[in-house]
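One structure below.
The values are calculated or read from the model by the stated rules, or taken from the named source; none is laboratory data. The model shown is predicted, which means the values in this text are computed figures rather than measured ones. Reconstructed Cβ throughout: ideal geometry from the backbone, glycine too, with neighbour counts over all protein chains shown. For accessibility, only protein heavy atoms count, side chains too; no ligands or nucleic acids. Shrake-Rupley method; radii C 1.70, N 1.55, O 1.52, S 1.80 Å.
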Amino acid sequence: MTNIYCNRNDLNIALSNLSHSIPRRTTSPMLSCALIRINNGEMYLSTTDMNIMIETVINVECSEKLEIAIPYSIFQRTVSKLPEEDIMMIYDKDENKLTIKSGKYSSQHVCISSEEYPRVMIKESEDYIKFDKNIFKKMIQKTSFSANSDEINGILTGVLIKNENKKLSM
């Protein structure tokens, strides 16, 4: 059994950040899961819809390496309703279950083998664009209203981003 100790607020913020890459509807149950990897006192949480991948890291107390996938929505709702700041999670490899404890609260969640989780390859490149995150966020807010949210006609569901002469435009 693997014991994991972390702060509820840190985990809750991390899970909130991941929500943007969970697909609304999917034919693959694995895409509705969050991948949890623990290594050297850090918990890497990631989700993907096969178009984008979001990964975030929090500090944890754990002496072992671990990699599991857990249904995102159940995990996120459980963490957000925990009564105490300190969380203890216990992973039972034999039963493939994660027990979450906080204060007097305790719940068990069935995990899925991380081997089935889709891997997104991130290619390192020297050809990249660097920009201020707040300016980029404002650009998205000013243009995203024009994108169609109807997924049936996939051509009109995005925003065109151009990079010409070191100027980014949407």
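Taking θ as phi - 60°, what are the ³J(HN,Hα) couplings along the stretch 58-67 by the Karplus curve (6.51, -1.76, 1.60), each to the nearest whole Hz, with x for Gly and Pro?
Along the stretch 58-67, the couplings run 10, 7, 9, 9, 7, 8, 10, 8, 8, 8 Hz.
Measuring from centroid to centroid over Cα atoms, what is the spacing of the stretch 103-120 and the stretch 1-41 in Å?
8
In µm²/s, what is D for the stretch 1-121 at 4 °C and 1.567 mPa s, where D = kT/(6 pi eta Rh) by Stokes-Einstein and Rh is the Kirkwood radius from Cα pairs?
Estimated diffusion coefficient is 90 µm²/s.
Note down the net charge around residue 59, summing +1 for each Lys or Arg and -1 for each Asp or Glu among other residues with Cβ under 9 Å from its Cβ.
Once all neighbours under 9 Å are counted, the net charge is -3.
So, counting K/R as plus one and D/E as minus one, what does the shell of residues with Cβ under 12 Å around residue 88 add up to?
Once all neighbours under 12 Å are counted, the net charge is -2.
Angle check, please: helix 8-18 long axis (alpha carbons) against the longest principal axis of the chain (alpha carbons), in degrees 0 to 90, nearest 10.
40
Helix-only mean residue ellipticity at 222 nm, the chain, DSSP H runs n ≥ 4 weighted -39,500 (n - 2.57), per residue, nearest 500. What is it?
Only helices count here, giving -5500 deg cm²/dmol.
For residue 39 and residue 132, what does the FRET efficiency come to when R0 = 30 Å and r is the distance between their Cβ atoms, rounded to the nearest 0.05?
0.45
Below 14 angstrom from the Cβ of residue 144, what's the summed charge of the other residues (Lys, Arg +1; Asp, Glu -1)?
Around residue 144, the surrounding residues sum to +3.
To the nearest 0.05, what FRET efficiency results for residue 84 and residue 164 with a Förster distance of 41 Å applied to their C-beta separation?
0.20
For the chain, report the accessible area per residue in Å² (1.4 Å probe, heavy atoms, rounded to an integer).
So the chain comes to 70 Å² accessible per residue, rounded to a whole number.
Explain nothing, just the number: relative contact order of the chain, from Cα pairs under 8 Å at least 6 residues apart, as a whole percent.
20
Ignoring any ligand, DNA or RNA, what whole percent of the accessible area of the stretch 28-122 comes from carbon and sulfur when the probe is 1.4 angstrom?
Ligands and nucleic acids excluded, carbon and sulfur reach 48 percent.
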